[in-house]
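Working notes, beginning with the structure itself.
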Amino acid sequence: MKKIRIGIVALLAAFVMALSLAACSSQSSEPAEEDTSTPAATTEESTEAAATNLTILYEEDDSLINTYSLLAVNPDAPFVDADGNEVADVAINSEGAAAFIDWMLSDEGLELIADYGMADFGESLFTVNDDAPHYDGDIPQATDETKAIRLSTTTSVNDSGLLDYLLPYFEDEYGYEVEVYSAGTGKAIANAESGNADAILVHSKSQEEEFVTAGFAYTLPGFDSERLSFMHNYFVLCGPADDPAGVADAATALDAFAQIADGKYPFVSRGDASGTHTKEISLWPEDLGITTEADSVADYTDWYTYSNAGMGACLAMANETNAYILSDKATFLTFEANGGIVE
C-alpha cells in the first residue's frame, strides 16, 4: 500500500514538473517574437528623421561674423557678487591663466584650432583671424600652486567640442588642469566678475569692452591689449527644411529676420544675454523693440520663445518645434553630426 502511495505522489510530481516546464518554455519564447518585430526599427527611423529636421538656411552674411576673444582676469579687479556686493579674498591663478592664453595663441594652439573639424566635416569649424595675436615665448610647466586653471567660457565653444579637442594637448604637455565653466557670455563674464575664473573665452565685443573698462581684465606681457580677439566663425540662421518663411532666398540676414517676424513663424531665442543672444536681437526690425529683456517680447509669445538656455538645448528645442534659430555654425554642425543629441 505504501509503495502505491509513493508511486502516485511521484506521478503527480512529474505531472506538475511537466506543466511548469511547458509554461516556462511558452514564456521564454514570447520575447523572441517581440525582438524580431518591426515597430522598434520604425521608432528608430522616426527618431533619426526628427533629429535631422533643422538645416542651415542662411549663412556667411557679413553681419553674421562671430569673433571670439581671450581675456586674463585682473587679480586686483573690483570683484562683486550677483547683488553687487564686494567680494573679498579672491585668489586668481594669474600664472596659470597666462600659460593657457599664451599656449592658445602659440603656433601649436592656433594650428590645432585651424584644424578642428576638418576630419569630420571637411572644413574648419573655427577660423584663425588674419591679425590674431601671436605668442612665441616659453610656456612654464605647471606647479602645485598654478596647476588648476578656471576658464569661464560660452556654451558655443564648449558644445562645439572645441575645448574637448584642445585641452588634452595643453594639459598633457604642461601639466595643467583646466576647469571649464560654460554659460552664455553674460553669465560667463559675471562668473569672472565674482572672482570665480582666471581667464575668459567669450564672443560679445560690447560685453568684453565693458569687462575691460570696469577693470576686470589686464594686458598680459607680450600683448598690446586686454582683449585678444583671435578666431571667428559665422552665426547661421537655421530652421525647418521646408523653410515656410522663405529665409533662404532673403537678400540679407536682416530681411530674413523681418520675414520671420512678419509671418510670426516660430523662433527659439537663447534669451540668456549670451553673445548669440546679443547678435540675434541686433537682427530684428527695430520697430519690434526686442532687447535682451524678457519683457520686450511679451507681445510675441505666440511665436517667440525666450528660453534662457544654452545653444545645444535651444537647438534641440527648435528641432522639436520646427522653429527657426540663430546658432554659431560650429555648434550646429556638431549638433547635427550627433544626431540631434545634446551631450
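The table for this structure:
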{"read-out": "Residues that are surrounded by 17 or more Cβ atoms within 10 Å (Cβ to Cβ) and either within 24 Å of the chain's Cα centre (by Cα) or not aliphatic (A, V, I, L, M) (or both), drawn from the range 70-94", "value": "70, 71, 72, 73, 74, 79, 93, 94"}
{"read-out": "Counted residues, the range 105-137 - those being in contact with a helix residue (DSSP H, G or I) (Cβ under 9 Å, 6 or more places away or on another chain) and over 17 Å from residue 232 (Cβ atoms)", "value": "5"}
{"read-out": "Out of 158, 93, sole residue that is modelled with pLDDT of 95 or more and polar (S, T, N, Q)", "value": "93"}
{"read-out": "Count of the range 291-343 residues which are touching a residue at least 12 places away in the same chain (Cβ under 8 Å), assigned to a loop (DSSP other than H, G, I, E, B) and over 30 Å from residue 128 (Cβ atoms)", "value": "6"}
{"read-out": "Tally of residues being buried (at least 16 other Cβ atoms within 10 Å of the Cβ) and either among the acidic types (Asp, Glu) or assigned to a helix (DSSP H, G or I) (or both) across the range 167-186", "value": "6"}
{"read-out": "The range 195-232, subset surrounded by 16 or more Cβ atoms within 10 Å (Cβ to Cβ) and among the hydroxyl-bearing types (Ser, Thr, Tyr), residue farthest from residue 307 (Cα to Cα)", "value": "229"}
{"read-out": "Check on residue 326, crowded, with 18+ Cβ neighbours inside 10 Å, hydrophobic (A, V, I, L, M, F, W, C) and assigned by TED's automatic domain parsing to the domain that holds residue 105", "value": "no"}
{"read-out": "Residue within the range 253-264 that is in contact (Cβ under 8 Å) with a residue 24 or more places away in the chain and among the polar types (S, T, N, Q) present", "value": "no"}
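A quick yes/no check of all residues on (1) assigned to a helix (DSSP H, G or I); (2) touching a strand residue (DSSP E or B) at 6+ places or on another chain (Cβ under 9 Å); (3) at positive phi:
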position	(1), (2), (3)
137	no, no, no
140	no, no, no
143	no, no, no
157	yes, yes, no
165	yes, no, no
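Every residue, every condition in (1) more than 30 Å from residue 201 (Cα to Cα); (2) surrounded by 16 or more Cβ atoms within 10 Å (Cβ to Cβ); (3) assigned by TED's automatic domain parsing to the domain that holds residue 325, yes or no:
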position	(1), (2), (3)
239	no, yes, yes
242	yes, no, yes
246	yes, no, yes
250	yes, yes, yes
256	no, yes, yes
259	yes, yes, yes
262	yes, no, yes
265	yes, yes, yes
269	no, yes, yes
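Here's the yes/no breakdown for (1) at pLDDT 95 or above; (2) within 14 Å of the chain's Cα centre (by Cα):
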{"position": "313", "(1), (2)": "no, yes"}
{"position": "318", "(1), (2)": "yes, no"}
{"position": "326", "(1), (2)": "yes, yes"}
{"position": "337", "(1), (2)": "no, yes"}
{"position": "340", "(1), (2)": "no, yes"}
{"position": "343", "(1), (2)": "no, yes"}
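Listed here are the residues, each with its yes/no results for (1) within 30 Å of residue 73 (Cβ to Cβ); (2) under 19 Å from the mean Cα position of the chain (by Cα).
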position: 210; (1), (2): yes, no
position: 215; (1), (2): yes, no
position: 225; (1), (2): yes, no
position: 234; (1), (2): yes, yes
position: 240; (1), (2): no, no
position: 277; (1), (2): yes, yes
position: 285; (1), (2): no, no
position: 303; (1), (2): no, no
position: 308; (1), (2): yes, yes
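The values are calculated or read from the model by the stated rules, or taken from the named source; none is laboratory data. What you are looking at is a predicted structure, and each value in this text was computed from that prediction instead of being measured. Neighbour counts run over all protein chains shown; Cβ positions are idealised from the backbone, glycine included.
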